[in-house]
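First the structure, in the form of structure tokens, and then the observations on it.
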Amino acid sequence: MHGRKAYELVKEFASGEKGHLKIFNNELFERVIEECNEHHNALQSLIRKMQEEGLEVLTARTADHYGALIHHLSLIRNKRCLMAYVYNRADIIRDLAWKVGLLHELPREIQEKFSDSEEQYFKDHSKSLKSYMSQLSLNVNVDMVPPKDPYIKVRVLEDLGSGIILSDKSANFARHSMHFLKRTDAEQYIARGLMEELTS
Amino acid sequence: MANYYNIDDILTEEEFVPVVFHKSANGVIIDPSSETNSVEQGAKVELPLWLAQELYLRQAVSISVPACFNQKTRLEIQADAACVDLKSRSPFFYEFGCKIVPLVGDKTVEVLLLSAFKIRYKEILTKAYTAAYTATSQFLTLLTKEETNLYEAAQSSMAAFKKWRMGGPRLQRASVLGRKRKPIE
Amino acid sequence: MASGAGEWSTAQMDDYETLISTTDVELLKRAWRNEKAAPEILPFEEALVKRAKEQIQLMEETVDEFAESGHDPLIASLYQMDLDRAQFLLRSYLRVRLQKIEKFMFYIWKSDAYRHRLSTEEEKFGERCIRDIGKHLEETVLSKLPDNYQSLLKQSIISEEDDMVPEPQLDTFVVAKCQRATRPLFLDGSRQSAGFDNRDDHFQMVPGDLCILRYRPFQEELMSGNISLV
């Protein structure tokens with residue numbers, strides 16, 4: 001049936017865990033693109049046939065017209081599925097840009113899921129966000145959770161060394177060490193899974 | 001199309017509906033019973049909704065009520081709406097129904113959708129707020145996508161309320177990063 | 001004071017409440033809630049944001065001074081908490097707006113009325129968003145499709161309008177709180193006129209009333225500040 005491959009592509013996206021990317025399914029994607037071109041060829045040959053028969057293509061309602069119509073509809077359906085696949089993945093990529101992309105490289109296991117164009121899009125969008133924030137001289141990607149205390153207790157989960165200087169102190173952030181930090185400083189590290197918040 | 005990129009809408013439109021062709025169409029292979037690559041006038045075919053509705057608008061086909069809204073479903077819903085397996089009929093039972101109604105001109109589908117939704121809505125919320133997870137896993141398999149969303153929303157609001165009451169860490173690892181990797185030893 | 005210390009007359013209470021409800025923090029909180037609950041992007045609160053930024057800066061200076069002068073650390077930390085809350089509100093307000101721009105960029109760019117709701121920085125951001133996603137979609141999908149199907153806004157060249165643009169769902173329901181008494185309202189949003197006298201389905205909201213309403217018919221009440229969203 002027409003549009004079945006395109007449906008599978010969308011279905012695959014929908015079956016993933018919410019907010020997580022699967023690897024870009026290039027093979028299926030290219031197959032759907034191919035199908036689009038096949039529909040287009042079929043459409044054109046039907047129209048050519050109508051022209052050869054001396055019919056007015058825009059108004060004639062022959063069996064060829066309806067055949068061409070079905071190919072046209074199938075093509076725009078395929079286009080919708082392809083666009084939605086890329087667009088909804090881009091949603092997740094933007095989310096990544098918000099949460100981790102502004103300051104740091106993405107972990108390898110996420111980058112592997114991107115297509116080349118998606119990798120570029122991630123960079124471009126991170127840049128657009130950064131440029132907005134620098135115009136405003138205000139970071140909008142901190143304070144994601146309503147604040148309670150200005151300082152929080154954290155445990156370091158991965159060795160970060162002493163190279164990090166936070167706004168009010170620098171310390172040796174060795175793995176498993178515990179610190180009392182400004183919330184806004186710690187937030188980025190917690191989001192990236194390098195520290196965890198401790199509650200008393 | 002306001003929801004052009006909407007994944008659920010796209011999936012809904014892939015549901016199949018029975019149509020009868022009023023015109024013939026050349027150069028397409030969509031009628032499995034036809035030996036040629038064309039569809040004859042009068043041919044009965046199952047088409048995905050996205051194709052059927054556009055052809056309907058151009059008076060090329062007429063659409064009849066899909067099987068998932070048939071008499072059997074109606075009787076089951078009348079008997080005990082909450083126990084009917086709507087998911088296997090269509091994971092987008094309500095959305096599909098809403099799209100079908102204007103195409104088939106059958107008012108009883110409307111009534112069916114509304115009454116099923118009302119009864120099940122209440123049931124789902126009651127279960128979401130009270131039942132333990134194990135007791136509901138059976139029940140969850142009967143729900144459509146919309147109903148599952150509702151159930152999950154209710155559960156997560158409960159969880160958020162409990163968390164707020166008990167306190168606990170508020171900042172967390174970004175969920176987009178996936179599950180925690182095993183620490184490198 | 002006739003009624004003695006600690007006891008306020010109703011008039012004084014009202015005055016006090018009006019005063020509190022018009023502080024910038026309160027206004028910012030309301031703008032933030034409205035923006036969070038509304039399905040579409042609302043006009044940018046330019047003056048308010050400017051004032052809020054100035055006040056935040058002032059507070060930062062105060063906190064710094066306290067820290068340097070070795071004042072009571074408790075007081076300094078109370079100031080810090082207040083500052084944190086104000087900053088969260090401002091950031092979250094701007095963030096919600098940016099996320100709406102990301103979501104509805106094509107829709108916003110189609111109408112000048114919507115574009116005028118953005119700040120200069122937001123407009124620049126939106127332009128870049130459109131450029132970035134446009135380039136990405138072009139590269140990945142559109143350039144590979146047949147000629148007549150390459151538009152980013154139209155499904156094909158025979159589409160009469162831009163039929164690929166996602167739109168905000170204005171018919172969604174919102175929870176509205178009344179700030180100022182409204183004129184008689186109709187649930188379907190129709191205006192009161194002579195012909196409506198015999199209709200009895202109207203209602204009037206008075207301050208403090210909480211209603212669940214369809215968003216679209218009550219946009220104007222929201223813009224005029226008669227109701228706010230929660």
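Structure above, values below:
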item	result
Answer residue from the stretch C:123-154, given it is in a loop (DSSP other than H, G, I, E, B) and within 7 Å of chain A (Cβ to nearest Cβ) and is nearest to A:Trp98 (Cα to Cα) among those	C:Val141
Failed condition for A:Ile93, given (1) within 9 Å of chain B (Cβ to nearest Cβ); (2) in contact (Cβ under 8 Å) with a residue 60 or more places away in the chain	(1)
Residue check for A:Val86: within 13 Å of chain B (Cβ to nearest Cβ) and surrounded by fewer than 18 Cβ atoms within 10 Å (Cβ to Cβ)	no
Helices (runs of 4 or more DSSP H) wholly inside the stretch A:54-160 containing at least 2 residues that are of a type in the set (Phe, Trp, Tyr) and not assigned by TED's automatic domain parsing to the domain that holds A:Glu187	A:63-96, A:116-136
Conditions (1) surrounded by 16 or more Cβ atoms within 10 Å (Cβ to Cβ); (2) more than 7 Å from every other protein chain (Cβ to nearest Cβ); (3) within 25 Å of C:Leu90 (Cα to Cα); number of the one not met by A:Lys113	(3)
Residue check, A:Val140 within 7 Å of another protein chain (Cβ to nearest Cβ) and at pLDDT 75 or above	yes
Matching residues, the stretch C:78-117, being farther than 22 Å from A:Val142 by Cα and either crowded, with 20+ Cβ neighbours inside 10 Å or not assigned by TED's automatic domain parsing to the domain that holds C:Ile41 (or both)	C:Phe104, C:Met105, C:Phe106, C:Ile108
Some residue of the stretch C:156-168 being at the interface with chain A (Cβ under 10 Å from one of its Cβ atoms) and under 24 Å from A:Ser131 (Cα atoms)	no
Top-ranked residue in the stretch C:131-147 [being modelled with pLDDT of 95 or more and surrounded by fewer than 16 Cβ atoms within 10 Å (Cβ to Cβ); ranked as farthest from the chain's Cα centre (by Cα)]	C:Ser143
For A:Thr62: the one exception among (1) in contact with a Leu (Cβ under 9 Å, 6 or more places away or on another chain); (2) under 26 Å from B:Arg173 (Cα atoms); (3) at the interface with chain B (Cβ under 9 Å from one of its Cβ atoms)	(2)
Search result, residues across the stretch A:26-56 that are more than 12 Å from chain B (Cβ to nearest Cβ), more than 22 Å from A:Lys5 (Cβ to Cβ) and surrounded by 14 or more Cβ atoms within 10 Å (Cβ to Cβ)	A:Leu55
Criterion (touching a strand residue (DSSP E or B) at 6+ places or on another chain (Cβ under 8 Å), under 22 Å from B:Pro48 (Cβ atoms), free of Cβ contacts under 8 Å to residues at least 60 places away in the same chain and not basic (Lys, Arg)) met by exactly one of B:Pro102, B:Pro66	B:Pro66
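So that you can scan it fast, the table gives a plain yes or no per residue for (1) at the interface with chain A (Cβ under 9 Å from one of its Cβ atoms); (2) surrounded by 18 or more Cβ atoms within 10 Å (Cβ to Cβ); (3) not in a strand (DSSP E or B):
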{"position": "B:Ala2", "(1), (2), (3)": "no, no, yes"}
{"position": "B:Tyr5", "(1), (2), (3)": "yes, yes, yes"}
{"position": "B:Asp8", "(1), (2), (3)": "yes, no, yes"}
{"position": "B:Glu14", "(1), (2), (3)": "yes, yes, yes"}
{"position": "B:Pro18", "(1), (2), (3)": "no, no, no"}
{"position": "B:Val28", "(1), (2), (3)": "yes, yes, yes"}
{"position": "B:Asp31", "(1), (2), (3)": "no, yes, yes"}
{"position": "B:Glu35", "(1), (2), (3)": "no, no, yes"}
{"position": "B:Gly42", "(1), (2), (3)": "no, no, yes"}
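The values are calculated or read from the model by the stated rules, or taken from the named source; none is laboratory data. This is a predicted model, so every value here is computed, not measured. Cβ atoms come from the backbone with ideal geometry, glycine included; neighbour counts cover every protein chain shown.
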